[in-house]
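Novice: Quick one: structure below, then a few questions.
Values in this text are rule-based calculations from the coordinates and carry no lab data. If you're wondering where the values come from, they're calculated on a predicted model, not measured in any experiment. A quick note on method: Cβ atoms are made from the backbone with ideal geometry, for glycine too, and the neighbour counts reach across all protein chains shown.
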Amino acid sequence: MRCLRGACGVLTLAASLAAILASGLSAQALWSGGPVVQLAMPTGTMADYFGNGTGFGLTLSRPTGPVMLRIDAVWTRFGERTVTRQLNGAGPPIGITSSGNFLTALAGPEGELRLGGWRGGLAAQGGLGYVQSTGSTILPGDPAQVQRSNTYSTFTWAVSAGASLAHRVGSGRLSLAYSVVQIGKSDFLREYNLPIGVISGIYLNPTPYPPLYTTASLALTFPL
């Protein structure tokens with residue numbers, strides 16, 4: 001699979017960051033880790049332009065007294081959605097098609113409550129986000145309409161909060177989690193500031209806004 005522009009480098013950076021954090025902490029501590037798969041649902045303004053997403057990544061956790069330290073690096077692909085809007089809010093109707101790739105590297109505490117083989121958790125995390133969005137539209141022009149598209153990349157901050165429920169499976173643990181993820185202002189194509197009669201996609205000016213989405217994820221972790 002070809003690397004998305006910039007995304008592979010960020011994923012490598014996220015993995016390196018997790019490795020540095022792990023090695024910098026007590027070598028005697030028991031780390032657990034494994035793969036994560038997730039479904040993502042845009043909310044608010046983001047839901048007006050993007051379809052639902054699917055993602056995958058890695059998770060690490062470590063006991064630190066009464067709470068766990070949790071580190072997650074997840075890549076999510078949000079599918080295409082086409083909407084009809086008025087150009088600049090008042091002009092002729094146009095169609096805008098958007099999709100996006102999100103990469104988050106997050107770390108933070110997770111409190112837990114154990115009951116037999118079950119474990120419930122509440123987590124809060126913060127870290128970095130990378131957003132690569134693609135937007136295309138057919139612009140009215142003279143003498144003919146033209147289709148234009150462009151891709152925008154944004155490095156920014158990211159935070160999340162969520163709850164999880166886990167149960168032991170052999171020597172590992174299977175967990176289901178629900179989270180809300182907030183990303184800093186990122187560039188997306190909207191109906192505002194779209195020029196008329198341009199000759200290049202570079203003139204499709206993005207409008208930044210902070211994307212917000214929820215995730216339902218499944219992780220399988222084992223002692224490392």
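Novice: Determine the sum of side-chain charges near G121: Lys and Arg each +1, Asp and Glu each -1, restricted to other residues whose C-beta is under 9 angstrom from that of G121.
Specialist: 0
Novice: Let me ask something else about it. From the phi angles alone, apply the Karplus equation (6.51, -1.76, 1.60; θ = phi - 60°) to region 79-96 and give each ³J(HN,Hα) in whole Hz, x where the residue is Gly or Pro.
Specialist: x, 6, 9, 10, 10, 9, 9, 8, 4, 6, x, 9, x, x, x, 9, x, 10
Novice: Go through region 177-186 residue by residue and turn each phi into a ³J(HN,Hα) via Karplus (6.51, -1.76, 1.60, θ = phi - 60°); whole Hz please, and just put x for glycine and proline.
Specialist: The phi angles translate into 9, 10, 9, 10, 10, 10, 10, x, 3, 10 Hz.
Novice: Which whole-Hz ³J(HN,Hα) couplings does region 38-43 yield from phi under the Karplus relation 6.51 cos²θ - 1.76 cosθ + 1.60, θ = phi - 60°, glycine and proline marked x?
Specialist: Result, rounded to whole Hz: 8, 10, 10, 10, x, 10.
Novice: Next up: Net charge within 9 Å of L106 by Cβ-Cβ distance, Lys/Arg positive one each and Asp/Glu negative one each, not counting L106 itself?
Specialist: 0
Novice: Let me ask something else. In Å³ and rounded to a whole number, note down the convex hull volume per residue for the Cα atoms of region 29-153.
Specialist: In region 29-153, the Cα convex hull volume per residue is 124 Å³.
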